[in-house]
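First comes the structure, then the notes that go with it.
The values are calculated or read from the model by the stated rules, or taken from the named source; none is laboratory data. The model shown is predicted, which means the values in this text are computed figures rather than measured ones. Glycine also receives a Cβ, built like all others from the backbone with ideal geometry; neighbour counts cover every protein chain displayed.
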Amino acid sequence: MVTEVMNGLSERQKREQEYYNQYAQSFDAKREIDMSPIHGPMKKIERRPWNSYWATYELAIDSFQPGQKLLDFGSGPGENALRFSEIGYDVEGFDISQANVEVANELFEANNRKDKGNFQVSPAEVLPYEDNTFEMIVGVDILHHVDIPKAVVECHRVLKEGGQAIFREPLEVPFLDWIRNTKLVKLFAPTEASFELHITEDERKLNSIDVEILRNTFPKMEMRRFLFLSRFDKFFRDGEDPKPSFLEKIDHLLMTYIPGVKYLGGVVIFILKK
């Protein structure tokens, strides 16, 4: 079945597969993975509710119950899956790239977690799992790479009744993205395919139509928005900087106390309950 599915990939899927087969070559499975977004909240050392990645992990932490299975929806080279296993989940993951799957398995073995993670090659649109398998599904920057209507139906199918899926995704903000896509801004912040910037040829931000598809499949949907002023971090802040972002903190305050500002947020966490 999996072989048949992989042989029937669309041209878009083949481009994504080739990109990530090449991208995986730059990932060292023996590198140390930053666990601070997990250890901070779990050990009550630090929380960053203004950071969309930390907030995604914290949602998975808050929902955890021993013995639960989590699907890392588009697991890449496995660093997010390793963090979810640190919480305590038994992790399954899939990726369209064979190279990514190999690196993820190596990463778990290098961290003595081989019994806590299992990875398979698969597209998001046809998953190799039984119905009602997972209590938790988490996808980090994945839906904007896939056929959303098909992938969301599969997500709903493999999620258990009473379970939830969490997706962190870029979201189109019409006026701001119009400015973002002007030639002048693109000179300083390109949008073309790039390994350095981790941009594929076919990826795109989610739009209002995609949001409605998610809502129709998961009527009990919640959205939390991020990234307004912190859009400008890319111009003067190293993307690998481990310190908290001042602009993200400002965004969090603005969106908390001035509700309308949240509609300018270019990143959203979707919380989908079945």
Exercise. Within the group Asp131, Asp115, Asp141, which residue is surrounded by fewer than 17 Cβ atoms within 10 Å (Cβ to Cβ) and farther than 16 Å from Ser85 by Cβ?
Worked result: Asp131
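Residue-wise test of (1) polar (S, T, N, Q); (2) in contact (Cβ under 8 Å) with a residue 40 or more places away in the chain.
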{"residue": "Gln13", "(1), (2)": "yes, yes"}
{"residue": "Tyr23", "(1), (2)": "no, yes"}
{"residue": "Arg83", "(1), (2)": "no, yes"}
{"residue": "Val101", "(1), (2)": "no, no"}
{"residue": "Ala124", "(1), (2)": "no, yes"}
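Taking the condition modelled with pLDDT under 95 and farther than 20 Å from Leu143 by Cα, does Phe27 pass? Spell out the reasoning first.
Values: modelled with pLDDT under 95: yes; farther than 20 Å from Leu143 by Cα: yes.
So Phe27 fits the description; yes.
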Exercise. If you check every pair at least six apart or on different chains, which have Cβ atoms under 7 Å apart with a residue in the stretch 151-178 that is polar (S, T, N, Q) first and a residue that is assigned to a helix (DSSP H, G or I) second?
Worked result: Gln164/Ser63
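Are any of the residues in the stretch 232-253 part of a helix (DSSP H, G or I), modelled with pLDDT under 95, of a type outside the set (Phe, Trp, Tyr) and within 21 Å of Pro174 (Cα to Cα)?
At the first step, the residues of the stretch 232-253 found to be part of a helix (DSSP H, G or I) are 232-236, 246-253.
Then keep just the ones that are modelled with pLDDT under 95; that gives 232-236.
Remaining after also requiring of a type outside the set (Phe, Trp, Tyr): 233-234.
Within this subset, residues satisfying the condition of being within 21 Å of Pro174 (Cα to Cα) are 233-234.
Yes, the stretch 232-253 has at least one match.
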Seminar exercise, completed: Of those in the stretch 36-84 that are farther than 22 Å from Asp233 by Cβ and among the polar types (S, T, N, Q), the residue farthest from the chain's Cα centre (by Cα) is Gln65
For this session: State yes or no: is Gly40 part of a helix (DSSP H, G or I) and either in contact with a strand residue (DSSP E or B) (Cβ under 6 Å, 6 or more places away or on another chain) or surrounded by fewer than 23 Cβ atoms within 10 Å (Cβ to Cβ) (or both)?
Result: yes
Seminar exercise, completed: Given the conditions (1) closer than 26 Å to Val101 by Cβ; (2) surrounded by 17 or more Cβ atoms within 10 Å (Cβ to Cβ), every one holds for Lys30 apart from (2)
Exercise. Out of (1) at pLDDT 95 or above; (2) on the phi < 0 side of the Ramachandran plot; (3) surrounded by fewer than 19 Cβ atoms within 10 Å (Cβ to Cβ), the odd one out for Arg83 is which?
Worked result: (3)
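Can you confirm whether Leu59 is under 17 Å from Lys116 (Cβ atoms) and at pLDDT 95 or above? First the steps, then the outcome.
Details: under 17 Å from Lys116 (Cβ atoms): no; at pLDDT 95 or above: yes.
No.
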For this session: Report yes if Ile213 is farther than 30 Å from Gly162 by Cβ and among the β-branched types (Val, Ile, Thr), otherwise no.
Result: no
